[in-house]
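The values are calculated or read from the model by the stated rules, or taken from the named source; none is laboratory data. Since the model is a prediction, treat every value here as computed from it, not as a measurement. Counting neighbours? That spans all protein chains shown, and the Cβs are built from the backbone with ideal geometry, glycine included.
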Amino acid sequence: MLRSETYLNTSYHPDQPVGRDADIDRIANAVRPLTRRKQPENLLVHGPAGVGKTTCVKHVFDRLESETSARSVYINCWQYNTRSSLLTQLLIELGYPAPRKGKPVDELLSKIREWLDKKRNVAVALDEFDQLEQRTEVIYDLQMLNEKADNKIGLVMVSNQHPSKLQLDPRSRSRLNCQTLQFKPYTADQLRNILETRVEQAFRPGTVPDEVIEEIAETVAENSGDCREALEVLLRAGRQADREGRSKVTIKQIEQ
């Protein structure tokens, strides 16, 4: 029944995210000035888990990299959650050989400044921004670079927390001059459209009835609006149907 589980995994990012056109446009508008060597907007994208924040940011950044002269870098702050580790990873993403561990922050910043002066504008996505331990210092570092370097950094920060809970000090908040974009939970209609697309990609034709998609979409929309949850339910039901030798996924399996 299952042709490819890849399309039901949360790590899969579609070529065109479903139901988020306005949000994609807002992210694109924030970084678009980089393509004209202008000052970009800094943007904080926030909302609950599983509502498409990372998918949409990566979609915009992939297009920015492939279709324009600007550079884009994505960093997950779960993995690089200190000031020095994040700046080191930024340098690596920009193409520098991996600096030795323990290099002073000033030296890391000098190298980034060197890259900006010689190369081009760059958009930097800091995903899971609320997990970064030294948020204030990192923001201050990057904004100081923006003021001094010939080319500019555009920041898009992604957080599950509301902006009021990020606790940036007034100095960094003022320098950042950040706009916000709230992602709301998916509606039943949006989840239905997403699931219909993934069913076509992941399952053999006719094995997932419309009423099953409807049941998942409505139940998840009522509970959380979390797309990952909807995909996980569909994947588990498909695996169970395969184990039991069924020809279709049933409502009963979804309810279980």
> Within the stretch 18-36, how many residues turn out to be at pLDDT 90 or above and either assigned to a loop (DSSP other than H, G, I, E, B) or farther than 18 Å from residue 190 by Cα (or both)?
Replying inline: 11
> Looking at 155, 195, 191, 168, which one is in contact (Cβ under 8 Å) with a residue 12 or more places away in the chain, under 30 Å from residue 69 (Cα atoms) and of a type in the set (A, V, I, L, M)?
Replying inline: 155
> On the given criteria, is residue 98 of a type in the set (Gly, Ala, Ser), at pLDDT 90 or above and out of contact with any Cys (no Cβ under 7 Å at 6 or more places or on another chain)?
Replying inline: no
> Taking residue 176, is it modelled with pLDDT under 90, of a type in the set (A, V, I, L, M), surrounded by 14 or more Cβ atoms within 10 Å (Cβ to Cβ) and in contact with a strand residue (DSSP E or B) (Cβ under 7 Å, 6 or more places away or on another chain)?
Replying inline: no
> Quick one: residue 69 ticks every box in (1) under 20 Å from residue 25 (Cα atoms); (2) part of a helix (DSSP H, G or I); (3) over 20 Å from the mean Cα position of the chain (by Cα); (4) polar (S, T, N, Q) bar one, so which box is it?
Replying inline: (2)
>> Anything in the stretch 240-252 that is part of a helix (DSSP H, G or I) and either touching a strand residue (DSSP E or B) at 6+ places or on another chain (Cβ under 7 Å) or free of Cβ contacts under 8 Å to residues at least 40 places away in the same chain (or both)? List them, or say none.
In response: 240, 242, 243, 252
>> Condition first: loosely packed, with under 15 Cβ neighbours inside 10 Å and either outside the structural domain of residue 231 (by TED's automatic domain parsing) or within 19 Å of residue 162 (Cα to Cα) (or both). Can you find one or more residues in the stretch 51-62 that meet it?
In response: yes
